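Chemist: Let me give you the structure first, and then I'll get to my questions.
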Number of protein chains: 2
Amino acid sequence: MSEMLSPEELEAALRAIGKARYHNNHPFHGLLHSGRLNKGQVQAWALNRYYYQSIIPMKDAAILARSSDSEFRRAWRQRIIDHDGTEEAPDGGIERWLGLTDALGLDRGYVTSGAGLLPGTRFAVEAYLHFVSEKSLLEAVASSLTEMFAPTIITERVSGMLKSYDFVDAKALSYFDKRLYQAPRDANFALDYVKREARLPYQQQQVLKALEFKCDVLWSQLDALHYAYVEPGNIPPGAFRPDGSAK
Amino acid sequence: MSEMLSPEELEAALRAIGKARYHNNHPFHGLLHSGRLNKGQVQAWALNRYYYQSIIPMKDAAILARSSDSEFRRAWRQRIIDHDGTEEAPDGGIERWLGLTDALGLDRGYVTSGAGLLPGTRFAVEAYLHFVSEKSLLEAVASSLTEMFAPTIITERVSGMLKSYDFVDAKALSYFDKRLYQAPRDANFALDYVKREARLPYQQQQVLKALEFKCDVLWSQLDALHYAYVEPGNIPPGAFRPDGSAK
């Protein structure tokens, strides 16, 4: 049996999970940000990560669909707007990510078709979508808490990539500009929610497990990229092959 | 638009997918069967593969639950019996797989808890479970067709492992004895079904895609094992660590 944690202890336990398991600790992150990838490998990262970006509004809509609280829904729906944009300003997160894949020379139709995705990407991303539909609302909200750790990785990513790669510029990375303030705003809301709504020890444990699950979703996407695109000969059948990559 | 294939052409197209994408082509399969893994790596394989085995009856029950045809259900339910066993003979496929993990010195409670699974295993296996629940019954049946290719891999696996590893014997590998006749029986039933029930070109394409999907499910499990357990330093947070493996 677990003991009841104070809200502050719960937050500290969540931060400890992020410190140990957030994907800024993954070796592929180190390669990406320190300029040790070639253009084809960065293309593979952006292509696969697009699929993750593309399901975020579906994930958030699934969460909206499970809340009976108008105030909660009013706050949460902003995430969908941020990713899908508006009629006046359609450059939401998804469009900005496509700006990055454009800048990397990938065809939009190919990117959005998902044809070249790694199966590991697809299965991890879809696991996230199923998780928020099938687990409790509390766990679904908690699984978003990786955003608590996003500002650090974004800062490292943008400065490292701009310094290291002549094939990306600030415009190509403009997705991350907005995330620098959106992610903390969203994370604070979700953190307050789980600290308030996890009223029993087992619920606090569910919250912690949900964050571990989400760290696994992010981590295993980098596992799949690292395996397929760092050493030659490991690209799965059907997946994206950068020009000139080993068959 | 696709053309309608004859049943024989559909079968040939299915066999071509297996030839290109079945996981006997994966480098990890080569390492496993040729004796180039150590005991810890074989433990990791058996532990992760257990999770796949453990959901097979759930997968088949989901398919049963979608068929309104008593004759179909009567045939398909044998798969559940084969995996779960009977009161008189409880050594179905799952129990036999646990015999293998026992022989490899893994604790049953640990194996069945799923605590040490690779996230890549979990997400791939659960993708299979979601696929058979969410896609059409035709696609769900077609996704089982990897069993057409099972006898070859089983024969390679058993003879290679018995020759190469002093820590496994014929009893530990007895799971595979029964699969050598169960898999072809099941595959023939499913193959006849899809050849008969795919009555329109788009349905034939769905059948082919479903087999590709299932090949991806198997392939990406070996990707995850290969990445985590062949080179040092890549085991994800929380996953099984063989004794003495690099931290």
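Laboratory data are not the source of any read-out in this text; all were calculated from the coordinates shown. Everything numeric here is computed off the predicted structure, so don't read it as measured data. Cβ coordinates were reconstructed from backbone atoms using ideal geometry, including for glycine residues, and neighbour counts include every protein chain displayed.
Chemist: Note down the relative contact order for chain B as a percent, whole number, built from C-alpha pairs under 8 angstrom at least six residues apart. Walk me through the intermediate numbers first.
Modeler: Values: 286 pairs, mean separation 82.0, N = 247.
The normalised contact order for chain B reaches 33 percent.
Chemist: With Cβ to Cβ distances under 11 Å as the rule, what net charge do the other residues near B:ILE94 carry (K, R +1; D, E -1)? Walk me through the intermediate numbers first.
Modeler: Numbers: positive: B:ARG96; negative: B:ASP82, B:ASP84, B:ASP91, B:GLU95.
For residues surrounding B:ILE94, the net value is -3.
Chemist: Restricting attention to the alpha-carbon atoms of region B:12-229, what are Rg (one decimal) and Dmax (integer), both in Å?
Modeler: 16.9, 52
Chemist: I've got another one for you. If I fit a long axis through the Cα atoms of helix B:93-103 and take the longest principal axis of the Cα atoms of chain B, what angle between them do I get, 0 to 90°, rounded to 10?
Modeler: 20
Chemist: Additional query: Which distances, shortest first and in nm, link A:ALA12 to the matching position in the other copies, using label points set 7 Å out along Cα to C-beta?
Modeler: Going from nearest to farthest copy, the values are 7.0 nm.
Chemist: OK, next. 7 Å along Cα→Cβ for the label point: how many nanometres lie between B:LYS178 and each equivalent label in the other copies, listed shortest first?
Modeler: Ordered by distance, the counterparts are at 5.6 nm.
Chemist: Could you list which residues have their amide H under 5 Å from that of B:GLY92, counting only those 5 or more apart in sequence or on another chain, with H placed in the peptide plane?
Modeler: Amide H neighbours of B:GLY92: B:GLY85, B:THR86.
Chemist: Please compute the modelled spin-label separation between A:ARG196 and B:SER2, points set 7 Å along Cα→Cβ, answer in nm with one decimal.
Modeler: 5.1
Chemist: Projected onto the charge dipole of region A:1-147 (+1 at Lys/Arg Cβ, -1 at Asp/Glu Cβ, origin at the Cα centre), which of A:TRP97, A:SER70, A:GLY40 gives the Cα projection farthest towards the positive end?
Modeler: After comparing all options, I get A:GLY40.
Chemist: Let me ask another. Which order results if A:THR121, B:THR86 are arranged by neighbouring Cβ count within 10 Å, fewest first? Mind showing how you got there, number by number?
Modeler: Details: A:THR121 27, B:THR86 10.
Arranged by neighbour count, lowest to highest, A:THR121, B:THR86 become B:THR86, A:THR121.
Chemist: Rounded to the nearest 10 degrees, what's the angle between the helix B:70-84 long axis and the longest principal axis of chain B, both from Cα atoms, 0 to 90?
Modeler: That helix lies at roughly 0 degrees to the long axis.
Chemist: If we count every other residue with Cβ under 15 angstrom of A:ARG185's Cβ, Lys/Arg +1 and Asp/Glu -1, where does the sum land?
Modeler: Around A:ARG185, the surrounding residues sum to -1.
Chemist: Here's a follow-up. Spelling out what I want: for every residue of region A:194-210, take phi, set θ = phi - 60°, compute 6.51 cos²θ - 1.76 cosθ + 1.60 (Karplus), and round to whole Hz; glycine and proline get x.
Modeler: Along region A:194-210, the couplings run 6, 5, 7, 8, 7, 9, 10, x, 5, 5, 4, 5, 4, 4, 5, 5, 5 Hz.
Chemist: Oh, and also: Distances in nm, one decimal, shortest first, from A:ASP102 to the same residue in every other copy, taking the label point 7 angstrom along Cα→Cβ.
Modeler: Listed shortest first, these distances are 6.2 nm.
Chemist: Also: Hey, fewest Cβ within 10 Å first, where do B:VAL230, B:VAL42 land in order? Provide the component values of the computation, followed by the final result.
Modeler: Working: B:VAL230 16, B:VAL42 22.
Ascending Cβ contact count within 10 Å gives the list B:VAL230, B:VAL42.
Chemist: Could you go through region A:228-236 in sequence order and give the Karplus-derived ³J(HN,Hα) for each residue, using 6.51 cos²θ - 1.76 cosθ + 1.60 with θ = phi - 60°, rounded to whole Hz, and x for Gly and Pro?
Modeler: Running phi through 6.51 cos²θ - 1.76 cosθ + 1.60 with θ = phi - 60° gives 6, 10, 8, 8, x, x, 10, 5, x Hz.
Chemist: Rank these for me by crowding, A:LYS39, A:LYS214, going from fewest to most other beta carbons within 10 Å. Write down the numbers at each step before the final one.
Modeler: Values: A:LYS39 15, A:LYS214 25.
Starting with the residue having the fewest Cβ neighbours, the order is A:LYS39, A:LYS214.
Chemist: While we're on this one: Using the Karplus equation 6.51 cos²θ - 1.76 cosθ + 1.60 (θ = phi - 60°), what ³J(HN,Hα) coupling, rounded to whole Hz, does each residue of region B:180-186 give in order, writing x for Gly and Pro?
Modeler: 5, 9, 5, 4, x, 4, 5
Chemist: For chain B, what is the calculated [θ] at 222 nm in deg cm²/dmol (nearest 500), taking -39500 (n - 2.57) for each run of four or more DSSP H residues and dividing by its residue count? Write down the numbers at each step before the final one.
Modeler: On the way: 11 runs with 170 residues, N = 247.
That comes out to -22500 deg cm²/dmol.
Chemist: Additional query: Please go through the residue pairs A:LYS19/B:LYS135; A:LYS178/B:LYS135; A:LYS19/A:LYS195; B:LYS19/B:LYS135; A:LYS39/A:LYS178 and name each one whose alpha carbons sit more than 30 Å apart in this structure. Spell out each step's value before the answer.
Modeler: Details: A:LYS19/B:LYS135 38 Å; A:LYS178/B:LYS135 37 Å; A:LYS19/A:LYS195 19 Å; B:LYS19/B:LYS135 24 Å; A:LYS39/A:LYS178 24 Å.
In this structure, A:LYS19/B:LYS135; A:LYS178/B:LYS135 lie more than 30 Å apart at Cα.
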